[in-house]
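The block underneath contains the structure these notes are about, expressed in structure tokens.
The values are calculated or read from the model by the stated rules, or taken from the named source; none is laboratory data. Here the structure is a predicted model, which is why all the values come from computation and not from measurement. When we count neighbours, we look across all protein chains shown, and the Cβ atoms used for this are built from the backbone with ideal geometry, even at glycine.
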Amino acid sequence: MSVRKGLLITIFTLVFPFLFASDVDTYNIVWDKITEKKYDDAIMLLEKNIPQERRKYYFYYLRGHSLFCQNAFSNRREALGDFYKANEFNSKIAINLYMIGLCEDLINNKETALTYYNKSAEFYDKTNGDENPYTVIADIYYDRNELGLALENLVKAELEEPDNSYIFMLRSLVYTKQGKKETSEEQYQKAMLLGNNPEYPLYRAQCFLEIGDYESAKILITEGIANHVQEAECIASLGYIAYMLGDDTKANELMMDAFKMNVRDTMVLQYLTYLYYVKRDIANAATVFSMYMVFADDLEKYSVKDAFTEIENRFSKDITFIKFINRRITKHNKIM
């Protein structure tokens, strides 16, 4: 029996003794369906067996959980509504508060996400199987360049999950931005030792791009290409570096190589749109952007909607498009 299912049964029988026995049975069956990834069946059972007048916290939490796990953008928005509804019945359940934060995070409402992640932290209990909120809190502070707050939360995160390699990876990025090269390298090596995630070198390369250390970024990106990790994106990144170093010819050549390698890769399309944009080649920028809108999923489109609105308005404002390229929401997009 999973920790969380055991928790559900305990809560049903002790905290809510007034629940109908049939409802408890339904909720336990629904949780089994969720663990089997039969989300449509879970939703059908809930809506069929729990009448409107008895729909309380666990109805909305479990239906929201099922909708969230279906991954579709529209379902995620519906899930968020259910998590908020569940919160009206009980506002002190860490996992529900975490899920509100996660849904808001995924649609780029970072301030609201941070509020609910912090609320989740108030009631967090590892023994209940709750999700550790401190890592995602640190992530948001890192993105906002509030590095001290990011480090504070990473200390808390490590106490809860000392073997989580991403905690050390993120701490390495923070130290890189603070100019602490040796400490950053130590944390990076710990991350690779614990996780050996082939994408970690690219996370670090992205950080080097953001601080303008193009040579260090180039080394890591070249390593990614050699290891066949996101090759098209890596080549496009080298194209961006070439542009930033003033080699327009090389930039164009690399971008086109990346495009030919994978015409559906949305990050490549973002980089290529950016290159055409800064060169004021509006026709080609619009064409590539149109391709992006075909291939990107709804969550990705939503996360950069403000930037793309400007592009659709024929580049009427001089936006810094690259920061949107380097913000990838997929790092939190995990199935609970």
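Here residue 278 meets each of (1) at pLDDT 85 or above; (2) surrounded by 15 or more Cβ atoms within 10 Å (Cβ to Cβ) with one exception, condition (1). Quick one: in segment 98-112, of everything that is touching a Phe, Trp or Tyr at 6+ places or on another chain (Cβ under 7 Å) and either basic (Lys, Arg) or at pLDDT below 90 (or both), which residue is surrounded by the fewest Cβ atoms within 10 Å (Cβ to Cβ)? Checking each candidate, the answer is 108.
Scanning segment 20-43 for residues being part of a helix (DSSP H, G or I) and more than 15 Å from residue 69 (Cα to Cα) gives a total of 9. Can we say residue 71 is in contact with a helix residue (DSSP H, G or I) (Cβ under 7 Å, 6 or more places away or on another chain) and on the phi > 0 side of the Ramachandran plot? Considered against the rule, which asks whether it is in contact with a helix residue (DSSP H, G or I) (Cβ under 7 Å, 6 or more places away or on another chain) and on the phi > 0 side of the Ramachandran plot, residue 71 comes out as no. Against the conditions (1) out of contact with any Asp or Glu (no Cβ under 7 Å at 6 or more places or on another chain); (2) of a type in the set (Lys, Arg); (3) at pLDDT below 80; (4) in a loop (DSSP other than H, G, I, E, B), residue 317 satisfies every one except (1).
So, restricting to helices (runs of 4 or more DSSP H) that lie completely within segment 194-280, which ones have at least 1 residues that are under 24 Å from residue 169 (Cα atoms) and of a type in the set (D, E, K, R)?
On the way: elements: 200-211, 214-226, 231-244, 248-261, 266-278.
Qualifying helices (runs of 4 or more DSSP H): 200-211, 214-226, 231-244.
Could you tell me whether residue 91 is out of contact with any His (no Cβ under 7 Å at 6 or more places or on another chain), within 20 Å of residue 61 (Cβ to Cβ) and among the small types (Gly, Ala, Ser)? Judged against the criteria, residue 91 is a match. Before we move on, is residue 156 basic (Lys, Arg), modelled with pLDDT of 95 or more and surrounded by fewer than 20 Cβ atoms within 10 Å (Cβ to Cβ)? The answer is yes for residue 156.
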